[in-house]
Structures are given as structure tokens and as C-alpha cells.
1. For the chain, compute Rh as the Kirkwood radius over C-alpha pairs and then the Stokes-Einstein diffusion coefficient at 25 °C and 0.890 mPa s; write the answer in µm²/s, rounded to an integer.
2. For the full complex of protein chains and a 1.4 angstrom probe, list Ser322, Ser89, Ser98 by accessible area with the highest value first.
3. Assuming a ≥ b ≥ c are the square roots of the Cα gyration tensor eigenvalues, decide whether the range 254-308 counts as rounded (a/c under 1.5), prolate (otherwise, with a/b larger than b/c) or oblate.
4. Could you tell me which trypsin sites (Lys or Arg not before Pro) in the range 80-144 are loop residues by DSSP with no more than 15 other beta carbons within 10 angstrom of their beta carbon?
5. Any idea what angle helix 264-273 forms with the longest principal axis of the chain, computed on alpha-carbon atoms, 0 to 90 degrees, nearest 10?
6. Treat the range 205-261 as a sphere of radius equal to its Kirkwood radius over Cα pairs and apply Stokes-Einstein at 4 °C in a medium of 1.567 mPa s; give the translational diffusion coefficient in µm²/s, rounded to a whole number.
7. List the equivalent ellipsoid semi-axes of the range 253-353 in whole Å, largest first, each obtained as the square root of 5λ for an eigenvalue λ of the Cα gyration tensor.
8. Tell me the relative contact order for the chain as a rounded percent, counting alpha carbon contacts under 8 Å between residues six or more apart.
Amino acid sequence: MASVSVDEAMRRAIELAARGLGTTSPNPVVGCVLLDTEGEVVGEGFHAYAGGPHAEIVALAQAGARARGGTAVVTLEPCDHTGRTGPCSHALIAAGVSRVVIAVPDPNPVASGGAATLRAAGVQVALGVRAQEAEAGNVAWLTSMRRGWPYVIWKYAATLDGRSAAADGTSMWITSEAARVDVHALRGTVDAVLAGVGTVLTDDPRLTARNLRDGTLAIRQPLRVVVDSSGRTPADARVRDGAARTWVATAAEVGAGPDGRVDLAALLAELHHRGVRAALLEGGPTLAGAFLAAGLIDRIVGYVAPKLLGAGPTALLDAGVSTIADAIDLEITDVTRVGPDLRITALPRKREG
Ligand SMILES: NC(=O)c1ccc[n+]([C@@H]2O[C@H](COP(=O)([O-])OP(=O)(O)OC[C@H]3O[C@@H](n4cnc5c(N)ncnc54)[C@H](OP(=O)(O)O)[C@@H]3O)[C@@H](O)[C@H]2O)c1
């Protein structure tokens with residue numbers, strides 16, 4: 001087999017890491033490629049699920065004795081602690097790997113230190129190869145670990161004139177089946193789905209990740225969270241069915257903000273504590289406005305249908321903006337056609353001061 005460069009190997013490791021998206025939480029996604037002394041690929045691995053073997057261990061098992069003297073190319077600094085599995089730094093040293101190339105250092109204080117352990121054992125360590133790309137592939141986990149609360153994606157559906165329902169309240173369906181299938185795939189990549197009690201009372205959604213054609217539930221279901229200050233979620237609401245775990249987060253349990261409603265920062269801190277690294281906020285417009293006003297949204301995914309309504313509720317209510325100079329500026333990072341609809345992905349620009 002032909003030899004590959006470390007850069008090519010890292011590109012492959014990033015691809016491998018992505019296969020774990022949605023199933024590794026509360027752990028990161030990680031990919032690893034092992035090259036022998038000639039630069040030939042002798043092992044590949046990715047972390048598939050929490051508690052399962054780490055990417056390095058999978059790649060080392062494939063490589064066997066051929067790892068000796070070789071190079072491990074890994075998207076995240078190898079862990080240095082014994083959790084549900086042993087430290088990867090020690091496994092790499094024991095296998096006789098002579099060089100470890102890392103894209104991104106581990107921000108998790110519990111697991112970091114792998115690079116230092118490797119260096120102390122005489123292993124050459126290089127950091128920063130394809131760091132931006134690897135960072136993007138792990139953005140939710142890295143962001144949440146660095147700051148202590150989940151990466152929050154606000155998803156909404158609207159007509160081209162920004163409406164989320166018609167004047168009579170009907171809203172099913174604004175977007176196409178293709179867009180709704182896409183949303184279910186998005187739910188499958190996060191650890192929690194959030195909705196305000198207003199949406200639960202009006203639409204009675206299930207908030208599960210499932211196959212829209214036959215209703216089959218995805219194997220891994222995100223935690224369903226209803227943000228409900230005074231516990232108005234009906235006992236027979238669909239979110240309370242047994243299809244997935246549900247948490248009705250009340251102000252009494254989480255804490256109240258100055259308006260008496262659920263304190264959103266405290267809610268996110270509690271979700272982080274419960275192992276949630278990526279959360280999908282599915283609305284509605286009141287809760288989305290409150291999250292945006294508090295600067296708690298990291299990414300926006302808007303599904304825009306080629307329809308006009310001219311009247312009816314808008315997809316977003318008060319977000320703390322009263323004058324154009326205060327508009328929440330966005331950077332559009334992707335525009336994709338999904339069936340007849342557009343999926344627009346945007347990042348809120350950080351505000352000054
Ligand atoms: N197009 C879309 O993508 C989309 C998505 C979802 C929903 N919707 C539509 O939205 C409509 C419901 O709108 P909505 O605005 O009433 O629902 P919502 O945003 O889901 O729920 C709002 C409620 O959340 C509760 N809440 C708890 N803590 C809060 C906080 N810190 N800040 C703000 N709210 C907090 C409040 O009730 P308490 O104070 O009692 O807790 C508030 O009334 C439905 O018609 C639904 O179809 C559209």
C-alpha cells in the first residue's frame with residue numbers, strides 16, 4: 001500500500017471521527033489513523049459510543065506489532081486518565097509508537113495531559129495539524145467543555161415572509177417532508193431537544209428522533225426538555241410518553257430569572273451537568289427570543305419554505321432588539337436546498353461589550 005502524508009492521515013482521521021457524531025456524548029468524537037515506519041496506514045479507528053473503546057485503541061488493535069516505531073495521527077489529544085476505559089497515552093507508549101500528531105488539545109481538565117505523558121516517555125508530539133477542521137468537526141463538544149454549558153442550536157421553520165403559522169393558527173406543515181426528515185436527522189445528532197411549554201400546549205409535539213414514514217424511533221433518543229416555569233405541561237402530553245426520557249424543567253427546580261420564568265443560564269448549566277453537550281432548541285418564538293436575547297444561541301438552522309402567509313405569528317418574538325442598530329447580526333455559513341425548501345445555517349456574531 002502507498003504511504004500517506006501526516007496531513008492526509010489527519011484528513012482521514014477527521015472523516016472517521018465524524019462517524020461518531022450523535023452517539024459518543026458526553027464524550028467527544030475522535031478519529032485516529034496509525035502509520036507504520038514507512039507511512040503506510042496500518043490501523044484506523046473512531047470512538048463510536050461512550051464507554052466503548054477510544055479511537056486510538058481501535059487503531060492500535062488493528063495495527064498490532066506494526067504500530068511499533070510508527071505515527072499515531074489523532075484528532076484530539078489522547079486521554080491521560082482512567083475512566084470507563086484506560087488512558088490512551090499509556091496504550092500508545094506500550095505499543096511503541098514513536099510519534100503522535102494531534103489536531104486539537106483536550107480542554108477537559110479530567111482527561112487532558114496526554115501530550116505531556118507521551119513526551120515524558122520520549123514520544124515525539126506535534127500539535128495543531130488541520131486544527132481548524134478538526135475543531136469544526138467537534139465544535140459542540142469542545143465549546144461545551146471549554147465554557148461549561150451546552151452548544152445550543154436554534155432550529156425553526158418559516159415561510160419566506162418569516163411566519164411560523166397562518167392567522168388561524170394552522171402550521172402543519174409549513175415545510176416539506178424532506179425538510180422534516182432533515183430535522184429528525186438533526187435531532188439524532190444532539191443530546192437534548194428543548195421546547196417551551198407554549199409549543200407543548202399548542203402543538204403537543206413528540207420531540208423524538210424517528211423515521212417519518214413508519215414512525216420507527218431512532219435507537220438513541222435525545223433527552224426531551226420542556227421549559228415550563230410553573231409546571232403547566234399536561235399529564236397526557238405526548239412528550240411524557242415512554243418513547244424517550246423527558247425533563248419538565250420548572251423555575252422551582254432550576255431557579256427563576258428576574259421575570260419569574262425559568263433561568264435559562266441555570267437550565268443550561270444543569271443540562272451540562274447531566275451530560276448534555278449539544279442541545280437543539282425547537283422553539284417556539286417566545287423561548288427562542290429569550291435565548292437569543294441572553295446570547296445563549298450558538299447556531300441557527302432555519303428551514304425556509306417557498307410560501308407566503310402575510311399574516312399569522314412570526315418565527316421569532318422579542319429578542320431584546322428595539323432599534324435597527326441592535327439587530328442580531330448573523331454570519332451565514334451554509335445554504336442548502338432541502339426538497340423545495342432552503343436550509344440556512346447561520347452563526348450569531350458576538351456582540352461587543
Ligand atoms: N415554526 C417553528 O419552527 C415553530 C417551532 C416551535 C413552535 N412554533 C409555534 O409556536 C407557537 C407557540 O409559541 P410560544 O411562544 O407560546 O411557545 P414557546 O416559546 O414554546 O413557549 C413559551 C413559553 O415558555 C415558557 N418559558 C419558560 N421559561 C422561559 C423563559 N426564560 N423565557 C421565555 N419563555 C419561557 C413561558 O411559559 P411559562 O412562563 O408558563 O413557563 C412561555 O410562555 C405554536 O403555535 C407553535 O406552533 C413554531
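1. My calculation gives 112 µm²/s for D.
2. Largest accessible area first, the residues go Ser322, Ser98, Ser89.
3. oblate
4. Arg84
5. 30 degrees
6. The Stokes-Einstein estimate is 103 µm²/s.
7. Whole-Å semi-axes of the equivalent ellipsoid: 25, 17, 15.
8. Averaging sequence separation for qualifying contacts and normalising by length gives 15 percent for the chain.
The values are calculated or read from the model by the stated rules, or taken from the named source; none is laboratory data. Being a predicted model, the structure only gives us computed values, none of them experimental. Cβ: placed from backbone, ideal geometry, glycine included. Neighbour counts: every protein chain shown. Side chains are part of the model used for accessible areas, which takes the heavy atoms of the whole protein and leaves out ligands, DNA and RNA. Shrake-Rupley method; radii C 1.70, N 1.55, O 1.52, S 1.80 Å.
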